[in-house]
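Each remark here refers to the structure printed beneath this line.
What follows is calculated from the coordinates using simple rules that are stated; it is not laboratory data. Since the structure is predicted, the reported quantities are computational estimates derived from the model, not experimental observations. Every residue, glycine as well, gets a Cβ built from its backbone with ideal geometry; the counts of neighbours run over all protein chains shown.
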Amino acid sequence: MSRPAVPGFFRHLWLLWGLRFNIGLNQGPGKSRLLAVGSFLASSAPGVFFGLFFFALMRLKPVVESDVWPYFILNLLCFVTFSVWVTWPLLSAGVDDHSELSRYAAFPISPFRLLIASTVASLFEPRALVFYAPLTGAALGFASVYPLWAPWLAVVLYVLFALLCAAWSRVALYAVINVLREKRSAEIMGGGLLAFLVAASFIPPIDTSWLTAVGEDGVDALDMSLIINAAVALGRVPPGFFGDGLGQLAWYRPRVAMAEALGLLFFAAIGMAVAYALLMRFHRQSGRAGPQQKDAKDKNPFERTRTRFTTLVTREALDLWRNPRARLLASVPFILAILLKLLSGRDLFVFLLGGSADAWLMGGLCIYGAVVIASTFSQNTFAYDGQGFAAFLAAPLDLADVLRAKNQVQGAAALGMALLVAVFYRVYFGFGTAVDIACALAAVVGVVPILMAAGNFLSLYFPVKFHASLKRRDKVPLTASMLDIVAASVGCMPFGWALKLAGKDGPTWQSAVMIALCAGLNLVIYRGSLPLALRLLDRRREAILQAVTRE
Amino acid sequence: MTPSPSDDLAVDARGLLKRFGGFTALNGLDLQIPKGAFYAYLGPNGAGKSTSIALLTGVYGPDAGTIRMLGVDAVKKPMEVKRRVGVVPEELSLFERLTGRQYLTFCARMYGLDGDEAAARATELLELTELTYKAGSLVSEYSKGMRRRLAIAAALIHAPELVLLDEPFEGIDVLAAGVIRELLRELSRRGVTLLLTTHVLEIADRLATHAGIIQAGRMLDQGPVSSLLQRYDCSSLEAVFEKLIAVPSSRNARLSFYGEAPAPVVPLREPA
């Protein structure tokens, strides 16, 4: 029997892109492709705004007439785009299910080609349209003002830059899933965080004295040598090769631009090679858990629980503690805090917000820490239970107790997380008054009940199954995500409002009391909504069971 | 040129070794499946059946040993083998957000079939697996049995010469099992070599022409079913299985927390 030839690289690329496209189109509730297209357009709409903004910025007269600003803006945007793209897997705790090699094991496609083709195909996702929009707008604005020696080379540079970002994003993603899959992932991550903290303490923070100068004497006081040095430095790291390459084309230096293109290709290839090695490592280790011996740490906390409810609470706590995604999310606020210090971000906030800066920053980090834990797990609270939910239904227990236990554990974890972040901020930065801490923690106490209340209803109306294995990317419906973001925003409002009232003088105990009172109100809202959620849970139990036990 | 013995074999794996950390999943496994055979691959849970299938399909590479499939070295030329082999894995990682028809067409295109041919085969297979009425529904809306049938259809879409089926009867109802059973019979009649792992020994007894029984990553015995029955003086594969594998006895099982056992209210049926 004659068999068709194995598809070539571009055919595979086209097929994998088509696969993503079709999956995206089928993502809407029911079969509404219109809704899916609408969601896609809505989620990529900010990209249009960013793109147009930077396009216009590059065409502003002061920028056009400057020898420094266009290059600074371009190189900075290259760096920021690269950083966001690479850290996105960490920030979103997202796992790309196209990296699950066993899905494609039957097809005649090699793992390396699969990696390359799916990496290239991933460049056409909605988030790509948003993340690349500022740089694309700036590059087009630049090209519209300065005639380029060879526009095609500019396109080549752009494509190679995108490949560089995609390749190193894969490195980050596969490094994360490799670590999370390890039995001792908590220890590895804790050690990594500590090492990062120690390493960061040796790096001098960025000089922000210019901020003070500009604040006191206006823009004219700005020392342009700082901007020039920054532009040059950003142009010398691989992501900056694109911005610098465009500049070289504008200066009619095609050879230098060509060298920058080769540099981008070289570093992208290194990224792909590292990513491939990490992916294969992850893949090879996903077969068996290891020797079938009793784990020395196999303690049984259920031996000592006193009531059925505390047994449920203990189970939820264990489940959350052992969830690799929770561990990953828990590390993010600390990493952000360290980066904030390295980039002298606090100085910028002090410049902009005066005495409120620490309250805003500490509160922001605490709320972020609490929200990622509370929101991620409460908006789909039965998602990880799988067949366990059937066991709950079969057991002689009130299902309401299961939901209460989940709320208690997730709420407590979020509060604990916020407390840790607040202490870390106070110790690490050496700033933050008792009032700042009180405001931050009161804000979290206010946000968590709203997230829990919203999460309960979202879990009941939009139930889906999640996989704890990290091999799959589990997506909450876009509508549910949006509603949860709205809930988090509502929960944060008293905090923002109180600090806005406090102005640059900084918050007072009055601000903290104001936030705490609102938090009390939010608690009342949660308590009021709980009976409704429990009644709804009873009515929706079969729909939830069906959703969380599907294959 | 004189054909080598392995030219008559659809699968010829020798001395397969596979370790995961400190755990040895396959320990010098030999597996020989003649072309056109319906091979029942039997063993208790954790014996290494799924790992061997993963090695045959190239999901993992062996730590030692050789694998020839359809006369081709599967380790050196995996793409050549994959073009000619169909796989139904135990864990069905289907793309949930594609419809059944989209899924089958995607699979066909991945094997290099052109669009029209892919669509035509998808339609035929949907009909054969009795999924036509669900062809436009998302895979996420399929029942377990439907998923199994869809996975089998996907494994057949490129008309493979050898099909590896890992537990295709697991967790499905009698009706779905019937559809799958008939499909396998039809494939066998058409000369397709089939490797089937299953815990339902009755199905293996009814369908298989050859069988192999493994335990702890080693092949205990394999060959034509008639030879195995004769060798162990048994009337069924289940009996051969029980002879080769040390089946734990539950006759003296006691549940202490039930207290002393009274006489049963309803007398139990004695096993046949």
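Among A:TYR252, A:TYR132, A:TYR158, which comes first, second and so on when ranked by fewest other beta-carbon atoms within 10 Å?
Lowest count first: A:TYR252, A:TYR158, A:TYR132.
Under a cut-off of 18 Å between alpha-carbon atoms, report the lysines in cross-link reach of A:LYS299, not counting same-chain residues fewer than 8 places apart.
A:LYS183
Take the Cα of A:THR479, step 7 Å along the line toward its Cβ, and report every residue of the stretch A:41-79 whose backbone nitrogen sits under 17 Å from that point.
Those under the cut-off are A:41-43.
With a cut-off of at most 13 other beta carbons within 10 Å, and DSSP calling the residue loop, which trypsin sites (Lys or Arg not before Pro) in the stretch B:93-198 qualify? Please list them.
B:ARG190
So for the protein assembly as shown, what percent of the C-alpha to C-alpha distances run longer than 41 Å?
45 percent
State, to one decimal in nm, how far the label point of A:LEU193 lies from the label point of A:PHE429, with both points 7 Å from Cα in the Cβ direction.
About 1.8 nm, to one decimal.
What FRET efficiency do you get for B:SER236 and B:HIS199 if R0 is 22 Å and r is their Cβ-Cβ distance, rounded to the nearest 0.05?
0.90
Using the structure shown, select from B:LYS18/B:LYS144; B:LYS35/B:LYS82; B:LYS49/B:LYS243; A:LYS406/B:LYS144; B:LYS18/B:LYS76; B:LYS35/B:LYS144 the pairs with a Cα to Cα distance greater than 21 angstrom.
Listed pairs above 21 Å: B:LYS18/B:LYS144; A:LYS406/B:LYS144; B:LYS35/B:LYS144.
Under the definition of Cα pairs under 8 Å and six or more residues apart, what whole-number percent is the relative contact order of chain A?
Taking the mean separation of contacting Cα pairs over the length of chain A, I get 16 percent.
Please report Rg (one decimal) and Dmax (integer) in Å for the Cα set of the stretch B:5-245.
17.6, 53
What is the angle, in °, between the Cα long axis of helix B:144-156 and the longest principal axis of the Cα atoms in chain B? Nearest 10 is fine, range 0 to 90.
The helix B:144-156 is inclined about 50 degrees to chain B.
So, R0 is 45 Å and r is the distance between the beta-carbons of A:ASP505 and A:ASP538; what FRET efficiency does that work out to, to 0.05?
0.30
In whole Hz, with x marking every Gly and Pro, tabulate ³J(HN,Hα) for the stretch A:478-494 from phi via Karplus 6.51 cos²θ - 1.76 cosθ + 1.60, θ = phi - 60°.
Values per residue, Gly and Pro as x: 4, 4, 5, 4, 4, 5, 5, 5, 4, 4, 4, 5, 4, x, 7, 4, x Hz.
Once label points are set 7 Å from the Cα along Cα→Cβ at both A:ALA213 and A:LEU343, what is their separation, rounded to one decimal in nm?
2.2 nm
Need one number: nm distance between label points at B:ASP73 and B:THR132, each 7 Å from Cα along Cα→Cβ, rounded to one decimal.
The two pseudo-label positions are separated by 4.7 nm.
Take the Cα atoms of the stretch A:308-548, build their convex hull, and give its volume per residue in Å³.
121 Å³
Return the loop-located GluC sites (Glu not before Pro) in the stretch B:100-181 (DSSP other than H, G, I, E, B) with at most 16 other Cβ atoms within 10 Å of their own Cβ; answer none if there are none.
Answer by residue number: B:GLU130, B:GLU170.
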